[in-house]
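Below is one structure; the comments refer to it alone.
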Amino acid sequence: MKDVRTLSELYDLIEKDYAWRITELSNYRSFVIQSKGKSKEPMLRAGVALLYAHWEGFIKNGADLYYSFVSNQSKKLNEYSNSFISIALRSQLETMSSTKKLSLHNSVIETFFDKADLAPNFSSSSPIRTSNLKFEIFEDVCLMLGIGIDEFHERYKRNFDRNIALIINEDLLTKRNKIAHGNYLLIDEKEFKQLYDVVINGLLYNFKELLMDCAQNKKYLK
């Protein structure tokens with residue numbers, strides 16, 4: 001994971017990650033549309049898998065970059081948003097939930113109150129997981145980062161009608177899994193073009209913009 005310390009570094013890294021993905025997907029789309037004959041059908045299937053790969057990859061990389069940026073801000077524990085306080089105390093919270101020992105419960109409470117004015121000790125590795133990125137996991141990622149899922153919905157709905165959860169769970173994840181496991185799945189060109197548009201303009205772009213807004217407006221703080 002890259003060490004990100006400034007807002008300009010974060011912006012630059014996110015934009016670069018976004019740019020190469022858009023370029024690759026755009027080039028692939030053009031190649032598929034121009035192809036003819038029997039080669040087109042498997043390329044359309046592969047295109048769905050590629051769209052999913054960039055969906056999961058961009059969310060994971062963007063979240064990791066943002067986590068690195070936030071963890072390097074050297075704020076006091078009690079200045080961070082609740083989601084980042086929970087990240088800072090995650091290991092202790094997990095220990096507390098798995099035991100009935102009052103002494104361990106007390107240690108978590110003491111950490112929060114006694115060390116609230118100190119900088120938290122964030123893990124050097126990001127705790128954010130995006131494997132098999134279904135909508136429910138994406139919601140959790142947004143909550144963790146401070147992105148309002150309602151605002152994401154509103155931005156998405158400006159251009160697309162299909163339910164966002166169905167797009168992610170059925171059109172992306174389920175179909176990608178079937179393709180990745182070698183199952184036959186017919187994808188027509190219209191379906192691929194529509195999914196391409198949703199991933200590029202409905203998912204990746206809006207996530208990028210809202211993540212940058214979180215950084216710019218310091219939504220990682222209370």
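Brief remarks on what is shown
- Being of a type in the set (D, E, K, R) and without any contact (Cβ under 8 Å) to a residue 40 or more places away in the chain is a condition met by at least one residue of the stretch 79-99.
- Taking the criterion of being outside any loop (DSSP other than H, G, I, E, B) and out of contact with any Lys or Arg (no Cβ under 8 Å at 6 or more places or on another chain), the residues of the stretch 110-140 that qualify are 110, 111, 112, 113, 114, 135, 136, 138, 139, 140.
- Hits in the stretch 132-162 - residues which are polar (S, T, N, Q) and either over 18 Å from the mean Cα position of the chain (by Cα) or under 20 Å from residue 83 (Cβ atoms) (or both): 159
- Across the stretch 13-54, the number of residues qualifying as under 30 Å from residue 218 (Cβ atoms) and either open to solvent by 70 Å² or more (accessible area, probe 1.4 Å) or more than 23 Å from the chain's Cα centre (by Cα) (or both) comes to 3.
- Counting the residues of the stretch 106-147 that are open to solvent by 90 Å² or more (accessible area, probe 1.4 Å) and of a type in the set (Asp, Glu) gives 4.
- Residue count for the stretch 181-214, restricted to those that are assigned to a helix (DSSP H, G or I) and over 19 Å from residue 138 (Cβ atoms): 6
The values are calculated or read from the model by the stated rules, or taken from the named source; none is laboratory data. Predicted model only: the values in this text are computed from it and were never measured. Neighbour counts run over all protein chains shown; Cβ positions are idealised from the backbone, glycine included. What goes into the accessible areas is simple: the full protein's heavy atoms, side chains included, and nothing from ligands, DNA or RNA. Shrake-Rupley method; radii C 1.70, N 1.55, O 1.52, S 1.80 Å.
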